[in-house]
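Everything on this sheet refers to the single structure shown next.
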Amino acid sequence: MNELFGIPLAALLGQLVLGLVNGSFYALLSLGLAIIFGMLHIINFAHGALYMMGAMLAWMALHYFGLGYWQALVLVPPLVGAFAVAVERTLLRRIYRLDPLYGLLLTFGLALVTGGAFRHAFGAGGQPYAIPPQLAGAIDLGFMFLPKYRAWVIAVSLAVCLASWYVIEKTRLGAYLRAATENPKLTQAFGINVPIMVMLTFGCGAALAALAGVLAAPTTQVSPLMSSNMIITVFAVVVIGGMGSILGAVLTGLGLGLIEGLTKVVYAEASSTVVFVVMAIVLALRPAGLFGKEK
Amino acid sequence: MTATEYLRVSDLHAFYGESHVLHGIDFTVRRGECVALLGRNGAGRTTTLRALMGLTGRRTGSIMINGREAIAMAPHRIAQLGVGYCPEERGIYASLSAEENLLLLPQVGSGGMSVAALYEMFPNLAERRHSQGTRLSGGEQQMLALARILRTGARLLLLDEISEGLAPVIVARLAEVIAELKRRDYTIVLVEQNFRFAAPLADRMFVVEHGQIAAEIAQHELAARMPYLQELLGL
Ligand SMILES: Nc1ncnc2c1ncn2[C@@H]1O[C@H](COP(=O)(O)OP(=O)(O)O)[C@@H](O)[C@H]1O
Ligand SMILES: [Mg+2]
């Protein structure tokens, strides 16, 4: 059997893998957005900029300091996380008492400023970033060739999402996080330092975005503009999954990546819009999103 | 301040945004003492406890807890002085199981009760440990809200309307628990609408009116002051 409904099986599987790769990025990014929203009640419009920073810093590390992919993978996410912590301390914390709209405006402004700064310094053109030699090439699965780097991206992002889910749902730190998300004031009155948790949550969410950026660097042209398409889709993913649901963010991200991949095979013209069609349908049927709770 | 004084609240004012709710609350609680804050609905008793925990808006005055000034402290620092707070709405977390609710709170003092001892004190909680916190009955949620602050080693307990809306047998059980805690030398502030519940437990009662302390009544004065209380509380 090498065809399914008249579609060559290898092409179908290839697109599904590509869909899963995209879904992995959606999952990592919407996971970060969801935990940030849960704790800070801010829709972080700077999330795409943090993703772009991750990829740009990986490229800069190589270009200026000769630090390769593996070093970047370890160093860049904490660096971007630290940048986000500084932003939280100096800017975001001032607006928690205000209407959430201010958070949206502030992070949108931050996204414009960081995007502009990187464009000013490096131009808008894309830079290539090589796949590390250990992950170059493909594995022959018999029925298809699986590029190693794609498998790696899927594996890392699944592992990171699973680990985040475990920490949040099964550990003491996660119980603090859930409690502080549900009732921050009371949780603080029980002796838990909630302001520090809020700060670290923003840092971790940002680090996840940067990790996605480093992972994405070898799969695309690294440029200050690389996040613009990605982030629009990610916001659609968050709307579909329901704001604030961790599991919802991850599953919806992966699922929509797959749907996009399938659409490319079946009806390629619709592949860039299918996510928004799904979003419209979900909003019509379940306004709070697939995994969201109705208020 | 005398050595036995555990909580001294002086000229406490508290605000919710622009609205000025507490107008100079003054009272003290001695170590091991149980006091009740009585008053009509809206008098400012819940706000007093919330102000003690740093949960209102702006507040001024002085709150001495075990010799430390807490008026400018953040809520988590106040809790870490050894204060356990049981809010009026109970505050059981829906996103945590009953047992996670019980284990959530960090230690704020030494000598907290063990989980085993708490399950012995509240056997229902042991049975329901894996249920979602808010699936518990009202009485069970109240037991849980009390049990989780007893685990932390807090010595000063601020309990807001713990008997509210519960069946008489559960209220009776809670009264036994409070009596037991008094024997164990906890310092307790009970905010109560239920006079019959609070009166036998409290060493002293403070009547709160319009965000101030209107009267202080010691246990031995109770009989003589009953007409006043009946009038004031509409008993
Ligand atoms: N969050 C709030 N914002 C504004 N006013 C409040 C708030 N909570 C309580 N109040 C007001 O403060 C006063 C005291 O309320 P409260 O302390 O709850 O009284 P009690 O517990 O004695 O019934 C009431 O007039 C109430 O309307
Ligand atoms: Mg009240």
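Worth pointing out:
- Counting charges near A:V278 (Lys, Arg +1; Asp, Glu -1) among other residues having Cβ under 12 Å from its Cβ returns a value of 0.
- Chain A against chain B buries an accessible area of about 1800 Å², both chains summed, 1.4 Å probe radius.
- Rg/Rh (Cα only; Kirkwood hydrodynamic radius) as it applies to segment B:39-163: 0.99
- A straight line joining the Cα centroids of segment B:1-41 and segment A:1-66 runs 55 Å.
- Along its three principal directions, the equivalent ellipsoid of chain A from the Cα gyration tensor extends over semi-axes of 31, 24, 18 Å, largest first.
- Restricting attention to the protein assembly as shown, close to 65% of DSSP beta bridges with both partner residues there are antiparallel.
- When the alpha carbon gyration tensor of segment B:21-108 is reduced to an equivalent ellipsoid, its three semi-axes come out at 24, 17, 14 angstrom, largest first.
- Taken over the C-alpha atoms, the protein assembly as shown has Rg and Dmax values of 28.6, 96 angstrom.
- Protection proxy ranking of A:228-238, B:61-71, by the mean of other Cβ atoms within 10 Å over each peptide's residues and highest first, is A:228-238, B:61-71.
- Carbon plus sulfur fraction of accessible area for segment B:153-226, probe 1.4 Å, in percent: 54 percent
- Tail weight of P(r) past 23 Å, computed on alpha-carbon pairs of segment A:1-131, percent: 48 percent
- Residue (of B:L38, B:M226, B:L102) at the positive-pole extreme of segment B:5-233, dipole from beta-carbon charges: B:L102
- Ligands, DNA and RNA are left out, and with a 1.4 angstrom probe the accessible area of segment B:153-219 is 38 Å² per residue.
- Fluctuation leader among B:A51, B:A218, B:A202 - chain B, Gaussian network, Cα springs under 10 angstrom: B:A218
- For segment B:5-233, relative contact order (Cα pairs under 8 Å, six or more residues apart, normalised by length) works out to 28 percent.
- Within segment B:155-205, the proportion of Cα pairs with more than 12 Å between them is 63 percent.
- Span-rule helices in chain A, defined as complete DSSP H runs reaching 24 Å or more along the axis (Cα) with Kyte mean at least -0.5: A:9-40, A:47-65, A:69-90, A:100-122, A:148-170, A:194-216, A:246-266
- Helix-only [θ]222 nm of the protein assembly as shown, DSSP H runs n ≥ 4, -39500 (n - 2.57) each, per residue, nearest 500: -17500 deg cm²/dmol
- Per residue, the convex hull around the alpha carbon atoms of segment B:5-233 comes to 117 Å³.
- Compactness check for segment A:178-295: Cα Rg over 2.2 N^0.38 Å is 1.29.
- Inter-chain Cβ neighbour count for B:74-80, averaged per residue, equals 6 (cutoff 10 Å, partner chain atoms only).
- Take the Kirkwood radius over Cα pairs of segment A:1-63, plug it into Stokes-Einstein at 4 °C and 1.567 mPa s, and you get 89 µm²/s for translational diffusion.
- Between helix B:222-233 and chain B: long-axis angle, C-alpha atoms, 0 to 90°, nearest 10: 90 degrees
- Build a GNM of chain B with springs between Cα atoms under 10 Å apart, and of B:P123, B:P168, B:P87 the one that fluctuates most is B:P168.
- Residues along segment A:166-198 losing 50 Å² or more of accessible surface when the other protein chains are present rather than the chain by itself (probe 1.4 Å): A:R172, A:R178, A:E182, A:K185, A:L186, A:Q188, A:A189, A:F190, A:G191
- Taking the Cα centre of segment A:13-169 as origin and assigning +1 to Lys and Arg Cβ atoms and -1 to Asp and Glu Cβ atoms, the resulting dipole is close to 300 debye.
- Accessible-area composition of chain A, carbon plus sulfur, in percent [1.4 Å probe]: 70 percent
- Chymotrypsin sites (Phe, Trp or Tyr not before Pro) within segment A:255-295, DSSP loop, no more than 11 other Cβ atoms inside 10 Å: A:Y267
- Between 0 and 90°, nearest 10: helix B:138-150 axis offset from chain B longest Cα axis: 80 degrees
The values are calculated or read from the model by the stated rules, or taken from the named source; none is laboratory data. These numbers come from a predicted model, not from an experiment. All Cβ positions, glycine included, derive from the backbone under ideal geometry; neighbour counts span all protein chains shown. Accessible surface is based on the protein model in full, side chains and every heavy atom, while ligands, DNA and RNA are left aside. Shrake-Rupley method; radii C 1.70, N 1.55, O 1.52, S 1.80 Å.
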